[in-house]
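Everything on this sheet refers to the single structure shown next.
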Amino acid sequence: MLMAAIYDRFMDASERACLAEWRAELLSVAAGEVLEIGAGTGANLPLYGADVERLVLTEPDRFMARKLAPKLAPVARRRRVELLSARAEALPFADASFDFVVTTLVLCSVGELDRALRELRRVLRPGGRLLFLEHVAAGDERPDRLAWQRRIEPVWRRIAGNCHLTRVTDRAIERAGFELGALERASVRKALPWVRPSIRGWAR
């Protein structure tokens, strides 16, 4: 409940500094039938283009979903839109249901990362793409920051909706059977130091 209440204000500076631009670039290629995992309060909603025919959003946190639901109507005028409370680890969709799956700042908080990624791969059609923007563990070039992430993580998970600071998400994506097509690393500007390391790109 607390996270849903403060999330948009907490993220505002970083959204204006870089995240909104990164989201728009990432989602510009989405088309056909698209599944977004952990849609939160709907930051991605205005960024989906005309080529998206059907948009399915999952958000298991009922407080986040309550903030998201009123924002669906304008988007639904242009395409089919659905909102479900499904968890990423157990998606209620048949195999090969979607052309694109989108995750933005959500894989840090799923309960079982490897299982969730296998589910995302299962529901993608052959040749489909996973589009991702995630904060991750600091790399080997910043051992000081990684050490701080490890110290802070137990408390951070409790106050930030199970958000893990030390996940190496790109390796997990590959473990799940994806082939990385593009990967860019960057520091999230205006964010707290322990959530600045990020990756974005796509995998097939």
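The values are calculated or read from the model by the stated rules, or taken from the named source; none is laboratory data. Every value quoted in this text rests on a predicted model; they were computed, and no experiment measured them. Neighbour counts run over all protein chains shown; Cβ positions are idealised from the backbone, glycine included.
Would you please list the contacts, defined by Cβ atoms under 8 Å and residues six or more apart or on different chains, that run from a residue in region 76-97 that is under 12 Å from L45 (Cα atoms) to a residue that is surrounded by 18 or more Cβ atoms within 10 Å (Cβ to Cβ) and among the aromatic types (F, W, Y)? Matching pairs, first to second residue: R79/Y48.
The helices (runs of 4 or more DSSP H) falling completely within region 3-91 that include 2 or more residues that are acidic (D, E) map to 20-27. The one condition from (1) surrounded by fewer than 18 Cβ atoms within 10 Å (Cβ to Cβ); (2) under 16 Å from the mean Cα position of the chain (by Cα); (3) assigned to a loop (DSSP other than H, G, I, E, B) that R115 does not meet is (3).
In this structure, R157 does satisfy being of a type in the set (K, R) and surrounded by fewer than 18 Cβ atoms within 10 Å (Cβ to Cβ). Of the residues making up region 53-75, those that are among the aliphatic types (A, V, I, L, M) and without any contact (Cβ under 8 Å) to a residue 40 or more places away in the chain are L55, L57, A65, L68, A69, L72, A73, V75.
Taking the residues in region 4-44 that are under 16 Å from K71 (Cα atoms) and in contact with a Lys or Arg (Cβ under 7 Å, 6 or more places away or on another chain) as candidates, determine which candidate is surrounded by the most Cβ atoms within 10 Å (Cβ to Cβ). Ranking the candidates gives N44 first.
Residues in region 118-156 that are in a helix (DSSP H, G or I), within 21 Å of S85 (Cα to Cα) and of a type in the set (A, V, I, L, M): L120, V123. Across region 195-202, not a single residue is classified as farther than 17 Å from M3 by Cβ, in a strand (DSSP E or B) and more than 16 Å from the chain's Cα centre (by Cα).
Every condition in (1) surrounded by fewer than 15 Cβ atoms within 10 Å (Cβ to Cβ); (2) part of a helix (DSSP H, G or I) is met by A182 except one, and the failing one is (2). Going through (1) in contact with a strand residue (DSSP E or B) (Cβ under 8 Å, 6 or more places away or on another chain); (2) buried (at least 20 other Cβ atoms within 10 Å of the Cβ); (3) free of Cβ contacts under 8 Å to residues at least 40 places away in the same chain one by one, R125 falls short only on (2).
Going residue by residue through region 102-112, is there one that turns out to be exposed (fewer than 15 other Cβ atoms within 10 Å of the Cβ) and under 26 Å from S198 (Cβ atoms)? Checked against the condition, which is being exposed (fewer than 15 other Cβ atoms within 10 Å of the Cβ) and under 26 Å from S198 (Cβ atoms), region 102-112 yields at least one hit. Among the criteria (1) of a type outside the set (K, R); (2) surrounded by fewer than 19 Cβ atoms within 10 Å (Cβ to Cβ); (3) more than 23 Å from A90 (Cβ to Cβ); (4) modelled with pLDDT of 90 or more, the one P60 does not fulfil is (3).
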